[in-house]
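Right, one structure below, let's go through it.
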Amino acid sequence: MVIYGVALLSLCMLLGIILGEFLGRLFGIDANIGGIGIAMLLLIFLSDYLKKSFRLGDITEKGITFWSMIYIPIVVAMASKQNVLGAIDGGLIALLSGGVAVLLSFLLIPVLSKIKK
Amino acid sequence: MDIFEIINTVLSKNGLITSFVFVGCIVWFSYFLSNKLTRGKFHGSAIAILLGLVFAYLGGTYTGGKQGVADIGLLSGVGLLGGAMLRDFAIVATAYGVKLDDLKASGIAGVSSLFIGVALSFFVGAIVAIIFGYTDAISITTIGAGTVTFVVGPVTGSALGASSEVIALSIAAGLVKSILVMIGTPLLAKYIGLNNPNSAMIFGGLMGTNSGVAAGLAAVDPKLVPYGAMTATFYTGLGCLLAPSILFLIIELVY
């Protein structure tokens, strides 16, 4: 049943966000720490475990893969609702600090990629 | 009976469905441009994201709102489709099928990139603030925090008691960062070796902006999305943790 996949995905997301909120409170800040990352880890572990013990049916799997495929359209919608005007109106300070930070971060990627365990 | 009025009402009432058509058209047109003009060299999804940003700019100028096209009544559904809830849901879904070994192999690089990324963006923002004449530690910290992400800025600013102009500025700095990551990633991916899970995790950790990383990787290779998103999701939390505490103390020591 396709709803099993969707429900499993939803359950992982909710558990992750709840744990992320707890982590935030633990450190005394009003923010979610890594909730979505925890949810992703949960899904990875769970799907790994389920694959070993019994197969998720093809249709059940589609309840998850559909959302992963609809990801790019969602990102396009996300881009269409950004406050682009606000970013440009922020003036030189905003443009400069954001711009330089992004540029330096890009330059660091090849450097850090050399770190292996 | 005005036919346009009927259509308008139906489209507004079924906002989410309208947004599927809207996004579907953008994506179709973008892949058409990608194939005809660049022979597929410039990824269709990269063009779609750029077009989305252009529409967001036009929407913002037209309505004066903060939500891009979602402030236009007819397209309010785009706000739901592109909102944090569905975006995060889809991001979690991309994790299905990720290999645990790939994550483990890049664990140390991923975690160090997080700390380096937060500190780097913070100090860039702080230095720019100082160059532009800010001399109080609270404003400098808030602008630095905004450069981390547009969530960390206001969280830090309100914790420290920064003025609302400075908080608005910090949000703008974060927005600039997020939009530049969306635009810059597909252009630069080739030159910085962003083509494997390891560098995607480092990319997520260094950039940290959820929307920027999500869109940037989608435009390069959707298979890399879960790796970048995995580290990026810890970035804002880490920033909210470090900016009002350790990083503020460092700035206060200097000023």
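The values are calculated or read from the model by the stated rules, or taken from the named source; none is laboratory data. Predicted, not measured: the structure shown is a model, and the values here were computed from it. Every residue, glycine as well, gets a Cβ built from its backbone with ideal geometry; the counts of neighbours run over all protein chains shown. For accessibility, only protein heavy atoms count, side chains too; no ligands or nucleic acids. Shrake-Rupley method; radii C 1.70, N 1.55, O 1.52, S 1.80 Å.
Please compute the alpha carbon radius of gyration of the stretch B:3-82, then divide it by the globular-protein estimate 2.2 N^0.38 Å. Two decimals is fine.
On the way: Rg = 13.9 Å, N = 80, 2.2 N^0.38 = 11.6 Å.
In units of the 2.2 N^0.38 Å rule of thumb, it is 1.19.
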>> I'd like to check one number: the per residue accessible area of chain A, probe 1.4 Å, reported in Å² as a whole number.
In response: 52 Å²
>> For chain B, what does the helix formula give at 222 nm: sum of -39500 (n - 2.57) over DSSP H segments with n ≥ 4, over the residue count, nearest 500 deg cm²/dmol?
In response: -24500 deg cm²/dmol
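Could you provide, to the nearest whole Å², the per residue accessible area of the stretch B:65-202 with probe 1.4 Å?
On the way: 4950 Å² over 138 residues.
About 36 Å² of surface per residue is accessible.
For peptide B:151-158, how many partner chain Cβ atoms fall within 10 Å of a residue's Cβ, on average? Could you put the intermediate results ahead of the total?
Details: counts 2, 1, 0, 0, 3, 1, 0, 1.
That works out to 1 on average.
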>> How many angstrom lie between the Cα centre of the stretch B:79-121 and the Cα centre of the stretch A:22-37?
In response: 16 Å
> What is the magnitude of the charge dipole of chain A about its Cα centre, with +1 placed on the Cβ of each Lys and Arg, -1 on the Cβ of each Asp and Glu, and no other charges, expressed in debye to the nearest 20?
Replying inline: 480 debye
> Which of the residues in the stretch B:196-216 show a loss of at least 30 Å² in accessible area from their chain by itself to the complete set of protein chains, at a probe of 1.4 Å?
Replying inline: B:ASN198, B:ILE202, B:LEU206, B:MET207
> Dipole of chain B (Lys/Arg Cβ +1, Asp/Glu Cβ -1, origin at the Cα centre): which of B:GLY59, B:PHE248, B:GLY133 lies farthest to the positive side?
Replying inline: B:GLY59
>> How large a share of the accessible area of the stretch B:3-82, in percent, is made up of carbon and sulfur atoms when the probe is 1.4 Å and the other protein chains stay in place?
In response: 69 percent
> Do the sum for chain A: with -39,500 (n - 2.57) for every DSSP H run of n ≥ 4, divided by all residues, what is the mean residue ellipticity at 222 nm, to the nearest 500 deg cm²/dmol?
Replying inline: -26500 deg cm²/dmol
> To the nearest 10 degrees, how steeply does helix B:225-242 sit against the main Cα axis of chain B, on a 0 to 90 scale?
Replying inline: 40 degrees
>> Taking the 0 to 90 degree range and rounding to the nearest ten, how far is the long axis of helix B:107-131 tilted relative to the main principal axis of chain B, both from C-alpha atoms?
In response: 80 degrees
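Give me the summed buried accessible area for the B-A pair, 1.4 Å probe, to the nearest 100 Å². Provide the component values of the computation, followed by the final result.
Values: alone 14200 and 9720 Å², together 16870 Å².
Chain pair B/A: roughly 7100 Å² of buried accessible area.
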> Other chains near B:83-89: what is the mean number of their Cβ atoms within 10 Å of each residue's Cβ?
Replying inline: 6
> Among the lysines, which have Cα under 22 Å from the Cα of B:LYS13 when same-chain residues fewer than 8 positions away are ignored?
Replying inline: A:LYS81, B:LYS66
> Where a Cα-Cα gap under 12 Å defines reach, which aspartates and glutamates qualify for A:LYS114, not counting those fewer than 8 residues away within the same chain?
Replying inline: none
> Among B:GLY193, A:GLY98, B:TYR227, which residue has its Cα positioned farthest towards the positive end of the charge dipole of the protein assembly as shown, with +1 placed on the Cβ of Lys and Arg, -1 on the Cβ of Asp and Glu, and the dipole taken about the Cα centre?
Replying inline: B:GLY193
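Take B:THR9, B:THR147 and sort them by solvent-accessible surface of the protein heavy atoms, 1.4 Å probe, largest at the top.
Sorted by accessible area, descending: B:THR9, B:THR147.
Give, rounded to the nearest 20 debye, the magnitude of the charge dipole that chain B has about its Cα centre when Lys and Arg contribute +1 at Cβ and Asp and Glu contribute -1 at Cβ. Provide the component values of the computation, followed by the final result.
Working: 11 positive and 10 negative charges, 153 e Å.
Using Cβ point charges on Lys, Arg, Asp and Glu, chain B gives about 740 debye.
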> Which log10 I(q)/I(0) values, to two decimals, does the protein assembly as shown give at q = 0.15 Å⁻¹ under the Debye formula with one point per Cα?
Replying inline: -1.35
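Viscosity 0.692 mPa s, temperature 37 °C: what is the translational diffusion coefficient of chain A from Stokes-Einstein with a Kirkwood Rh over Cα pairs, rounded to a whole number of µm²/s?
Details: Rh = 17.9 Å.
This corresponds to a translational diffusion coefficient of 184 µm²/s.
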> So what's the Cα pair-distance distribution over chain B, bin width 5 Å, in %?
Replying inline: 1, 6, 12, 15, 16, 15, 13, 10, 6, 3, 2, 1, 0, 0
